[in-house]
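Everything on this sheet refers to the single structure shown next.
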Amino acid sequence: MAMVPSAFFPIADLSNYTKGWTIRARVTSKSGLRTFQSKNNEGGKVFSVELLDCEGGEIKASLFNNAVDNFGELLQVGKCFTFSRGNLKVANRNYSTLSHRYELTFDRDAAVTEVNDDSNIDTMKLHICDLRSVQAKILPANVDLCGVVVSFKASHAFTSKDGKDLVKREIVLADDSCSSMEVTLWSDRAEKEDKEFEGNPVMVIKSVIVKVWGNGRKGSLLETCALLISPSIPEAAKVRQWWSQGGSYQTLTALSDDAFVGGKAPVGKSACLSDIRVASEQATISEEVFSVVCRLAIVQTKKQGEEQPLYYMACMELKDGNKLPCSRRVDSSGFCAVCSRSGRVAPRFNLRCKFSDCEDSTWLTTFHEAAKGALSMEASELKDLEKNREAMEAAIRHSYFQQPLRITIRAKPDNYNGESRTNVTCVDARPVVLREHGRFLLKEISDMIAAS
């Protein structure tokens, strides 16, 4: 291997004005070889790599024709090289997922030399985004994901409209934000053996392109992007721990509208909060489910001047038969009276929330799953703040009158001290899919115009 020069140009500073540069970088991903026809009808070939240097700079590099012949076998993912005598051009955002404004191209004049491994260069640069946050991103978006494979389909070979032979595989990832999303893998990633996806492995996927698909969101892994199975990074350990400690039995919020995994919102009759008020006053009502678009207005943190508990500690031991967590309240020592033992416990929300829409406001008992959606936070996050009540309440207030929510409300007959009444609770809350809701409102307007 060649000796490493003492100084190299930072990738982050590369531009059209940079001359005589040499960079030292690690190859973090590599695409397959692609052939093409040039404008003068000559055949060509190209592959691309993504490069990372010791200062955290990333850039895409494409190698053409002679450079493919000279360095196609040499350039391997994970190894370090020096690069020089290439050209810079403005990056094409349709094909590059990196933030660098420019990308590199190499051909017959390229100089690429393998060097000793540099421990100062990371194996990969990641900016992990949890799936709940993906729901709020403006699309199309490029994100790095870390999640558990909760389900997958067999690989599928087909021919595209332009005659290309393609292979794809669809998987569903879930993470500790209790959300899931379908991601499509292509080419050699899709052709991995089924056993690679069995047993709910944790995967890290770099540079997933998220787009609207139907009424939901789906991700697609580009050819040059990276996929790691069971990596040894803190984010993967956190997700793996969540899954093993009860996450595998939680209801997941599905970002993909036709994802092949549970977690869709309960379907309810479209209503407004004034309808809910009327329903709550009808003691003889049969059980009904309503769907309401509104915003979180207030969480009851005090009652008559006294601080209210916002969560309780629940038993997470699996029940016999259905293998779901017990979820019953435990005492201060962690003992569950239902399971007759002490075991794994976790905090669960039990809130009184006031929701508001354009017509009315109402207080609703809001259980754990719905409270997570309304607050966009986990009960464990709130528990971590319990020693600082002011900070805890500030974190809750941050969710007031933010994104519109579609909440599911269940009204059913109940009996309290011998008196009939209607029990009205919020059982689900999740961000409104704006495009879908916009279509619904436009249809309402069209119906009103037609009826006038």
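The values are calculated or read from the model by the stated rules, or taken from the named source; none is laboratory data. Quantities reported herein were computed from a predicted structural model and do not represent experimental measurements. When we count neighbours, we look across all protein chains shown, and the Cβ atoms used for this are built from the backbone with ideal geometry, even at glycine.
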Taking segment 404-452 and the residues there that are among the hydroxyl-bearing types (Ser, Thr, Tyr) and outside any helix (DSSP H, G or I), the one that is surrounded by the most Cβ atoms within 10 Å (Cβ to Cβ) would be Thr408
- Determine whether Cys178 is under 30 Å from Gly373 (Cβ atoms) and either crowded, with 18+ Cβ neighbours inside 10 Å or of a type in the set (Asp, Glu) (or both). yes
If we keep only residues of segment 118-128 that are in a loop (DSSP other than H, G, I, E, B) and touching a residue at least 60 places away in the same chain (Cβ under 8 Å), then the residue surrounded by the fewest Cβ atoms within 10 Å (Cβ to Cβ) is Asn120
Picked from segment 379-408 (must be of a type in the set (Asp, Glu) and more than 16 Å from Arg352 (Cα to Cα)), the residue farthest from the chain's Cα centre (by Cα) is Glu390
Of those in segment 311-365 that are of a type in the set (Gly, Ala, Ser), within 31 Å of the chain's Cα centre (by Cα) and not in a strand (DSSP E or B), the residue farthest from Ser274 (Cα to Cα) is Gly343
Taking segment 129-151 and keeping only residues that are surrounded by fewer than 19 Cβ atoms within 10 Å (Cβ to Cβ) and either assigned to a strand (DSSP E or B) or among the hydroxyl-bearing types (Ser, Thr, Tyr) (or both), one is left with Ser133, Ala141, Ser151
Counted residues in segment 229-252 being crowded, with 18+ Cβ neighbours inside 10 Å and within 17 Å of the chain's Cα centre (by Cα) come to 9
Going residue by residue through segment 166-175, is there one that turns out to be farther than 29 Å from Gly373 by Cβ, without any contact (Cβ under 8 Å) to a residue 12 or more places away in the chain, surrounded by fewer than 18 Cβ atoms within 10 Å (Cβ to Cβ) and not aromatic (Phe, Trp, Tyr)?
no
When restricted to His368, His398, the only residue under 29 Å from Val289 (Cα atoms), exposed (fewer than 14 other Cβ atoms within 10 Å of the Cβ) and either outside the structural domain of Arg430 (by TED's automatic domain parsing) or at pLDDT below 90 (or both) is His398
Going through segment 58-115 in order, the residues found to be of a type in the set (A, V, I, L, M), closer than 17 Å to Trp21 by Cα, touching a residue at least 60 places away in the same chain (Cβ under 8 Å) and part of a loop (DSSP other than H, G, I, E, B) are none
Among (1) in a strand (DSSP E or B); (2) among the small types (Gly, Ala, Ser); (3) in contact (Cβ under 8 Å) with a residue 24 or more places away in the chain, Ala157 falls short only on (3)
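Take Gly57 and decide whether it is surrounded by 18 or more Cβ atoms within 10 Å (Cβ to Cβ) and within 27 Å of the chain's Cα centre (by Cα).
Yes.
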Phe71 vs. criteria farther than 30 Å from Pro140 by Cα and either hydroxyl-bearing (Ser, Thr, Tyr) or in contact with an Asp or Glu (Cβ under 6 Å, 6 or more places away or on another chain) (or both):
no
Reported set for segment 419-444 where residues are modelled with pLDDT under 80 and in contact with an Asp or Glu (Cβ under 8 Å, 6 or more places away or on another chain) is Ser420, Arg421
Determine if segment 231-250 includes at least one residue that is in contact with a helix residue (DSSP H, G or I) (Cβ under 9 Å, 6 or more places away or on another chain) and part of a strand (DSSP E or B).
-> no
